[in-house]
Amino acid sequence: MLPTSERLPQLKRLIDQRNYFVIHAPRQTGKTTAMLTLAQELTASGEYTAVIISAEVGSAFPDQPEVAEQAILAAWRDAMI
């Protein structure tokens, strides 16, 4: 697998500019692996501390964004323990 910086060279610029980005691709194309590698690269640089959270737990509440937000934050808190 190519390093994230080679697969998605524009990401570093977006991150440096404090912009948001979305990774959208079909299943099983390496999105999660790429983001985990990017997080490791960013943290190893000493310039950033990368945090990865999943919003998947919030999908159970499509019409209740406030409940989805609390579920996501609770999952993040639980993962920190």
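The values are calculated or read from the model by the stated rules, or taken from the named source; none is laboratory data. All figures in this text were calculated on a predicted structure; none of them were measured in a lab. Counting neighbours? That spans all protein chains shown, and the Cβs are built from the backbone with ideal geometry, glycine included.
For the range 56-78, does any single residue satisfy the condition of being surrounded by 10 or more Cβ atoms within 10 Å (Cβ to Cβ) and of a type in the set (Ser, Thr, Tyr)? There is at least one residue in the range 56-78 that is surrounded by 10 or more Cβ atoms within 10 Å (Cβ to Cβ) and of a type in the set (Ser, Thr, Tyr). Quick one: would you say residue 50 is in contact (Cβ under 8 Å) with a residue 12 or more places away in the chain, in a loop (DSSP other than H, G, I, E, B), closer than 21 Å to residue 7 by Cβ and in contact with a helix residue (DSSP H, G or I) (Cβ under 7 Å, 6 or more places away or on another chain)? Answer is yes for this residue. Remark: pairs (first residue in the range 53-81, farther than 21 Å from residue 33 by Cα; second residue of a type in the set (Ser, Thr, Tyr); Cβ separation under 8 Å; 6+ apart in sequence or on different chains) = 68/59.
When the range 34-47 is filtered for residues that are surrounded by 14 or more Cβ atoms within 10 Å (Cβ to Cβ) and over 17 Å from residue 80 (Cα atoms), the ones remaining, listed by number, are 34, 35, 37, 38, 41, 42. Being modelled with pLDDT of 90 or more and within 18 Å of residue 8 (Cα to Cα): is that true of residue 70 here? For residue 70, the condition - modelled with pLDDT of 90 or more and within 18 Å of residue 8 (Cα to Cα) - is not met.
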